[in-house]
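The values are calculated or read from the model by the stated rules, or taken from the named source; none is laboratory data. Because the structure is predicted, anything quoted here is derived from the model rather than measured. Quick reminder, even Gly has a Cβ in these numbers, built from the backbone with ideal geometry, and neighbours come from all protein chains shown.
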Amino acid sequence: MSWVTGLADYAEPPPPAFLFDLDGTLIDSVYQNVIAWRNALSKLDIDLSVWRIHRRIGMSGGLFVSALLRETGRTLSEQDIESLQQDHLAEYLAQIDSVRPLPGAAELLAGLTALGLPWAIATSGRREMAQHALPMLGLPEDAPMVTRDMVRHAKPDPDLFLAAAALLGVDPRQAWVIGDSVWDMLAARRAGGLGIGFMSGGYGREELERAGAYRVYADPAELMARADEVGVRDLRAGPPDL
């Protein structure tokens, strides 16, 4: 058999799938989340610097609270923790008018859709919080999204990304996992996907790379401009020549 015949029998690999975090990755909401947590914590007389809170953004709410309480030496009942998370939700929604999509986010998702490339959102936020992002991104209510209340564990566990891959019917090992925090990158590694880090959530390039990011970009707009680096020929050009 000639090498030409062998090439004819070569199985074309599946197209890449994209699994996106939400806060700090597609929408500019990290600092609204930080302030919401600070205000919610202050109601329990827990005073934490915003930088300490920021370092935990991206974790599940339960792990987030446990980590911060460990740092302060405080203990809270399960009822207090649930009230704290509800207060955080209320404080965040009070700022929702200031939340905007990150540069290129809506265009990136629209471009992937136009090319027929599968994508989904996987967020540590609950549905009642995350659903407000969909119209900002030009997405319908039934856009593919997995939220905290749909899985047993959130980041840095891999459950959210595994569930998002299952929702799309793809192998997570064939997926790019895109997020803005070290918790996203750790979850990506545990899910078996390749991590792409965005600096739009406040983490630096070196931190994201140390956590496992294969590539790091400023924001969705830079990824869109350099999509050939992740196997998409030209996201802005349309479907031909993938």
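Can you name the residue in the range 188-213 that is of a type in the set (Gly, Ala, Ser), on the phi < 0 side of the Ramachandran plot and in contact (Cβ under 8 Å) with a residue 24 or more places away in the chain and, of all such residues, is surrounded by the most Cβ atoms within 10 Å (Cβ to Cβ)?
Of the residues in the range 188-213, the ones of a type in the set (Gly, Ala, Ser) are 188, 191-193, 195, 197, 200-202, 204, 211-213.
With on the phi < 0 side of the Ramachandran plot added as a condition, the list becomes 188, 191, 193, 195, 197, 200-201, 204, 211, 213.
Next, only the ones that are in contact (Cβ under 8 Å) with a residue 24 or more places away in the chain stay: 188, 191, 193, 200-201, 211, 213.
Details: Ala188: 31, Ala191: 24, Gly193: 29, Ser200: 23, Gly201: 26, Ala211: 21, Ala213: 26.
Here the residue is Ala188.
Arg38 - would you say it is basic (Lys, Arg), closer than 18 Å to Tyr203 by Cβ and either out of contact with any strand residue (DSSP E or B) (no Cβ under 7 Å at 6 or more places or on another chain) or modelled with pLDDT under 80 (or both)? No. When the residues of the range 78-99 are filtered to those that are in contact (Cβ under 8 Å) with a residue 60 or more places away in the chain and crowded, with 18+ Cβ neighbours inside 10 Å, which remaining residue is farthest from Gly62 (Cα to Cα)? Across the range 78-99, the extreme among qualifying residues is Val99. Taking the conditions (1) closer than 22 Å to Trp183 by Cβ; (2) outside the structural domain of Pro172 (by TED's automatic domain parsing) in turn, Gly24 satisfies each one other than (2). Close contacts from the range 148-170, counting a first residue that is under 14 Å from Gly193 (Cα atoms) and without any contact (Cβ under 8 Å) to a residue 60 or more places away in the chain and a second that is of a type in the set (Asp, Glu) and crowded, with 19+ Cβ neighbours inside 10 Å, with Cβ to Cβ under 9 Å and a gap of 6+ residues or different chains, come to Leu160/Asp21. Could you tell me whether any residue of the range 76-95 is β-branched (Val, Ile, Thr), in contact with a Gly (Cβ under 8 Å, 6 or more places away or on another chain) and outside any helix (DSSP H, G or I)? No.
Suppose we keep only residues that are in a loop (DSSP other than H, G, I, E, B) and crowded, with 18+ Cβ neighbours inside 10 Å within the range 56-74. Which one would you say is modelled with the lowest pLDDT? Outline the logic, then answer.
Taking the range 56-74 as the starting set, the residues that turn out to be in a loop (DSSP other than H, G, I, E, B) are 56, 58, 60, 73-74.
If we keep only those that are crowded, with 18+ Cβ neighbours inside 10 Å as well, we get 56, 58, 60.
On the way: Arg56: 81, Gly58: 76, Ser60: 69.
Step by step, filter the range 56-74, then rank; the result is Ser60.
Can you find even one residue in the range 98-106 that is farther than 16 Å from Met136 by Cβ and either acidic (Asp, Glu) or within 19 Å of the chain's Cα centre (by Cα) (or both)? Scanning the range 98-106, I find no residue that is farther than 16 Å from Met136 by Cβ and either acidic (Asp, Glu) or within 19 Å of the chain's Cα centre (by Cα) (or both), so the answer is no.
Scan the range 101-125 for residues that are more than 19 Å from Asp28 (Cβ to Cβ) and part of a loop (DSSP other than H, G, I, E, B) and the total you get is 4. Give me the pairs: first residue in the range 220-242 and closer than 16 Å to Thr113 by Cα and in a loop (DSSP other than H, G, I, E, B), second residue of a type in the set (Gly, Ala, Ser) and modelled with pLDDT of 70 or more, beta-carbon distance under 7 Å, and six or more apart or on different chains, which are they? From the range 220-242, the pairs are Asp234/Ala227; Leu235/Gly111; Leu235/Ala227; Arg236/Gly111; Gly238/Ala114; Pro239/Ala114; Pro239/Gly116.
Considering the conditions (1) modelled with pLDDT under 95; (2) closer than 22 Å to Ala94 by Cα, Gly138 is excluded by exactly one of them, (1).
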